[in-house]
Every structure is written in structure tokens, then in C-alpha cells.
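The block underneath contains the structure these notes are about, expressed in C-alpha cells.
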Amino acid sequence: MVSRVAKKQGTTFQMKKWEQEFGKEYTDRNNYTVSAMDMLYKKNYGITRTGLNKLFLGNLDRSIKILEVGSNIGSQLASLQRMGFENLYGIEINKYAIERSKSSTKNINIIKGSIFDIPFKDAYFDLVFTSGVLIHINPKDIKRALKEIHRCSNKYIWVYEFYADEYENVLYRGERNLLWKADFPGIYTGIFPDLKIIKQRFLKYLKNKNRDVMALLKKNK
């Protein structure tokens, strides 16, 4: 159920970029089908996205309610749907990406929304996840973003992001302050004592020394 309480958080520099042409250009560059996305992951890491999904979520009930924060056109959600997950939702800040999602997905609920003001009630989802989204949040705003994700999750938080031991500002599309690497699973557990990492995997790129991280965290009730 969508919450009727609006928090009206301030718009950040990064939000403005992703809402506008910069975000549209990203969508056009990353318009992947599930099969194409699997090929990209296989090329980068030696394992498909579907393979990773099964490794992390394969034992979960297919009827659980899942939210992706920053879903773009819904490729990740479509991959989960192909695994048999039924109750799939996404929020996305870029209207163009939402429109594109209507033709690239079916029976997946993707609506306009911000990571700082997720338009759902507390603990509404069994699992909330991001995939390459936290990296675009300014470190000074990250706690506010993670609090919203934590608020909406009843049980699990799943994270897949670029990794570094410490926060590192990386040049992205020729600009600064649009991408940061960090230990996002560690940041989660540092902020929320009720979260525990139950599964984590570092994903080393086959062609360079960079690493990404995927982790599944669980609330201890």
C-alpha cells in the first residue's frame, strides 16, 4: 500500500542530474533485456546476473514482496520474475525510464519515487534492494537514504554496488560527485544494529582490478 504521508525531502544535486537528460542518456545506454544483462555480467565477472540472483535469493519463497529502489526500466526485476518471484515493485526517479519500463516489463509495478522518500508504508516489503544506486548518493546523504530502505523492509535488504574499503569519489562520465565506491554492506551494519550480513560475495572484474560487492542482509527481530 502506498503511504499517504509525504516527507518532501530536499532535492540533491545528484537527484537533479538523474531526473533530467543525464538519467535519460543512462537509460538509453543500459536498455538491457534479461539475456543481454546476463551476457554483460558473464563478461565482467564470469557469472551471470541470473546466477547471482539464484545464489543469493534462490531459497526464498517466490511469493515474497520485493522492492527495487532505482529500478530504471526494470531489467533486474524482470530477471527475478523469470526466477518465479511474483510480487515485484520498483521506484524510479527518471520519468523516461518509467515510460520505457512499460514496454520492457509486464506485471511489475514501477512508479515514480525517490530513495529519500520511498512512497510505501513501514515494513511493507519482505525484501528491498539496490543495484548500482547507492554509488550515486553523496556520502553526506547516504544515511538518510539507507534509513528509508531499512524502514520499508520487513526482513531482508539486498545490495549490489561498486566496492572500496573506504569512500572513494570516482570520475564518472567526465564529472565528479556523481559516483562513489564504498563498503556499503559495512555501512548498513554500522548504522543499523539489527542488520546482519548473512551472505556476501566480492565480484572481481575479469579485465581489471576493480571489485563490486553483493550482500544479503537480514533484520534480527
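For this structure, a couple of remarks:
- Residues (in a helix (DSSP H, G or I), farther than 20 Å from Ala145 by Cβ and not hydroxyl-bearing (Ser, Thr, Tyr)) located in the range 10-31: Glu21, Lys24, Glu25, Asp28, Arg29
- Among the residues of the range 188-204, those identified as touching a residue at least 40 places away in the same chain (Cβ under 8 Å), of a type outside the set (Phe, Trp, Tyr) and over 14 Å from Ala164 (Cα atoms) are Ile191, Leu195, Lys199.
- If only residues of the range 115-163 that are under 13 Å from the mean Cα position of the chain (by Cα), of a type in the set (Val, Ile, Thr) and in a helix (DSSP H, G or I) are counted, the one that is surrounded by the fewest Cβ atoms within 10 Å (Cβ to Cβ) is Ile135.
- Positions within the range 104-144 being closer than 15 Å to Asp183 by Cα and of a type outside the set (Lys, Arg), in sequence order: Thr130, Ser131, Gly132, Val133, Leu134, Ile135, His136, Ile137, Asn138, Pro139, Ile142
- Where a residue in the range 129-154 is farther than 15 Å from Gln14 by Cα and its partner, wherever it lies, is of a type in the set (S, T, N, Q) and surrounded by 20 or more Cβ atoms within 10 Å (Cβ to Cβ), with Cβ under 7 Å and at least six apart: Ser131/Gln76
- Among the residues of the range 205-221, not a single one is in contact with an Asp or Glu (Cβ under 8 Å, 6 or more places away or on another chain), more than 30 Å from Ser63 (Cα to Cα), in contact (Cβ under 8 Å) with a residue 12 or more places away in the chain and surrounded by 15 or more Cβ atoms within 10 Å (Cβ to Cβ).
- Taken residue by residue, the range 50-62 has no member that is farther than 20 Å from Arg201 by Cβ and crowded, with 21+ Cβ neighbours inside 10 Å.
- Any chance Tyr89 is among the aromatic types (Phe, Trp, Tyr) and farther than 23 Å from Gly10 by Cα: yes
- Restricted to the range 164-188, and to residues there that are among the acidic types (Asp, Glu), at pLDDT 95 or above and out of contact with any strand residue (DSSP E or B) (no Cβ under 6 Å at 6 or more places or on another chain), the residue that is surrounded by the most Cβ atoms within 10 Å (Cβ to Cβ) is Asp183.
- Selection within the range 76-95 - surrounded by fewer than 19 Cβ atoms within 10 Å (Cβ to Cβ) and out of contact with any strand residue (DSSP E or B) (no Cβ under 6 Å at 6 or more places or on another chain): Arg82, Met83, Gly84, Glu86, Lys95
The values are calculated or read from the model by the stated rules, or taken from the named source; none is laboratory data. What you see is a predicted model, and the numbers here were worked out from it, not measured in a lab. Please note: Cβ atoms are built from the backbone with ideal geometry, for glycine as well, and neighbour counts cover all protein chains shown.
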